[in-house]
Amino acid sequence: MGSEFNNEIGSTPITPRPGSVAPTPPISAPPSQFHSPSLSRSPLLASSPDHDHIKPAAKTPKSSTPRNFTPKIRTPRFITPLGSPIRRALKLTRLDPNDAWLPITESRNGNAYYAAFHTLCSGIGIQALVLPVAFTILGWTWGIINLTIAFIWQLYTLYILVQLHESTDTGMRYSRYLQLCTATFGEKLAKWLALFPIMYLSGGTCTALIVIGGATLKMFFNIVCGGTCKAQPPTTVEWYLIFTCAAVLLSQLPNLNSIAGVSLIGAITAIGYCTIIWVVSVVEGRMPGVSYNPVKGSTEVIRIFDVLNALGIIAFAFRGHNLILEIQATMPSDEKHPSRVPMWRGVKFSYTLIALCLFPLAIGGYWAYGQMIPKDGGMLTALYAFHGKDTSQFILGLTSLFVIINAVSSFQIYAMPMFDDVESVFVKKMKKPVPWWFRAISRAMIGYGCFFIAVAIPFLGSLAGLVGGIALPVTLAYPCFMWLKIKKPKVFSPMWWLNWILGVVGMALSGILIAAGLYVIIDTGVEVSFFKPQ
């Protein structure tokens with residue numbers, strides 16, 4: 001073991017001391033930020049004068065190492081002393097200084113509270129308000145059963161992702177969902193399987209938030225102003241633009257840790273409007289003539305596709321797994337205090353609150369409205385349509401305000417992977433941090449790009465079932481295959497069977513849901529109004 005370690009150290013190019021080579025250009029990333037590939041919490045590179053200037057790449061010119069140079073046998077500076085079992089398994093990994101300049105990994109001082117805030121903000125959203133629509137197809141029994149199964153299933157895959165974030169075998173931290181996919185499936189296959197769903201979950205969600213936020217701003221204005229205002233109200237497109245300007249302004253916060261307070265506000269407002277909506281609906285009582293008989297199509301084929309579309313709506317309510325690795329990447333980690341411990345603590349707390357919001361919302365909403373629940377907008381539309389006159393204007397206005405604040409807050413965390421991707425192109429090419437003007441311009445372009453799509457395709461919210469089918473593998477299937485490939489459980493063991501079954505069923509269900517979503521859209525029709533937001 002000792003000789004193998006000597007050989008490994010000896011074969012690694014060693015950068016000589018400054019006296020033996022020409023000085024290298026300085027790099028502006030602080031040494032304490034070089035955390036990405038390592039499991040060390042302490043700075044990987046000491047802040048001594050010898051390390052004031054670090055070369056960002058691991059490519060040391062061959063000529064820079066004297067032929068007769070014999071390195072001392074010692075633990076590399078970027079590895080904290082580990083226990084003997086992990087010490088033998090841990091291999092030298094290359095430092096990636098680029099991570100010190102990207103918004104997801106720029107700051108690694110997060111904790112379980114920050115993780116809970118981010119997870120809550122990304123886990124509860126407007127998509128939860130359409131859950132009663134799925135119950136109109138599935139009915140009481142199958143609606144509750146499928147919602148419970150989906151919740152447990154996605155919580156299990158969430159646990160898998162938290163465990164796979166860091167590897168003691170290689171010392172790597174997979175700080176982005178696509179990085180873990182690439183390490184598991186290979187670069188080409190990962191792009192085919194995961195790139196589009198991940199980017200769609202980010203860009204598509206931000207676009208949907210602009211549509212919802214703009215429409216709710218218009219509604220909030222009407223509630224506050226009522227019939228007393230003489231001013232001409234803005235148009236729907238102008239409301240979209242107002243919401244986008246607020247989101248773009250807030251998006252100038254530099255990294256994921258810096259928006260922890262924003263996520264906290266978003267989580268509080270999400271819990272607030274979900275609770276207000278289902279409590280008001282239940283207190284006001286069931287609507288006259290409410291029916292709980294499941295809606296049945298004219299033919300058996302239509303019934304089957306309606307059921308599958310309802311399952312897609314439930315799956316869409318649990319999107320957000322594409323952000324879990326990014327959230328965990330904001331935490332420090334070492335062998336004694338791995339990031340998975342506080343991360344899982346934050347996840348358990350946040351998903352307890354998520355369950356306390358989603359289940360009462362779905363069950364209470366279906367009890368109050370039954371088949372009368374509006375398909376477009378779900379519980380939010382039902383609140384204004386059925387109780388707009390007999391409910392306090394303060395309650396209605398507060399609910400609208402909470403929805404707006406939550407939408408602006410959720411925009412930040414869902415847009416962060418897009419910000420990170422764009423800024424990584426600059427960092428890799430220029431080998432320096434992103435200047436403030438590039439960050440401001442690029443994030444504004446992304447925000448207003450989503451605004452353009454929201455204006456061009458305002459009916460995007462009507463495609464919840466189809467979107468749920470597209471996003472389902474990211475949430476329910478891929479993590480199971482990642483566990484099989486990376487952890488390699490014993491063949492035919494319970495974990496082996498569990499992950500294979502869930503993975504295969506998840507992929508098959510995704511294909512079926514996509515087909516069902518397309519069929520329902522073609523059969524029932526969607527009011528296609530390009531560049532005509534209502």
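Descriptive notes on the structure:
- Net +/- balance of residues flanking ALA116 in space, Cβ distance below 10 Å, scoring K and R +1, D and E -1: +2
- Phi angles of region 382-388 translate, via the Karplus equation with coefficients 6.51, -1.76, 1.60 and θ = phi - 60°, into HN-Hα couplings of 5, 4, 6, 6, 9, 10, x Hz per residue; Gly and Pro are given as x.
- Carbon/sulfur fraction of accessible area - region 106-524, other protein chains in place, 1.4 Å, %: 71
- Vicinal HN-Hα couplings computed from phi for region 194-204 (Karplus, 6.51 cos²θ - 1.76 cosθ + 1.60; Hz; Gly/Pro x): 10, 4, 5, x, 5, 5, 5, 4, 7, x, x
- As a rough guide to protection, the peptides 500-510, 401-411 ranked by mean Cβ packing within 10 Å, highest first, stand as 401-411, 500-510.
- Other-chain or far-sequence residues with amide H under 5 Å of GLY171's (modelled H): LYS91
- With protein chains left intact and a 1.4 Å probe, residues in region 106-524 average 41 Å² of accessible area per residue.
- Amide H within-cut-off set for ALA329, under 5 Å, with H built and near neighbours excluded: none
- In terms of packing, defined here as the mean over residues of other Cβ atoms within 10 angstrom, the peptides 144-152, 173-181 line up highest first as 173-181, 144-152.
- HN-Hα J in Hz across region 480-493 - Karplus 6.51, -1.76, 1.60, θ = phi - 60°, x for Gly and Pro: 5, 5, 4, 5, 4, 6, 8, 7, 6, x, 4, 4, 6, 6
- Sorted peptide list for 231-238, 474-481, criterion being average Cβ within 10 angstrom, highest first: 474-481, 231-238
- Per-selection Kirkwood Rh - region 106-524 (Cα, Å, 1 d.p.): 22.1
The values are calculated or read from the model by the stated rules, or taken from the named source; none is laboratory data. Since we're looking at a predicted model, the values are computed, not measured. We place every Cβ from the backbone using ideal geometry, glycine too, and count neighbours over all the protein chains shown. Calculation scope for accessible area: heavy atoms of the full protein, side chains included, ligands and nucleic acids excluded. Shrake-Rupley method; radii C 1.70, N 1.55, O 1.52, S 1.80 Å.
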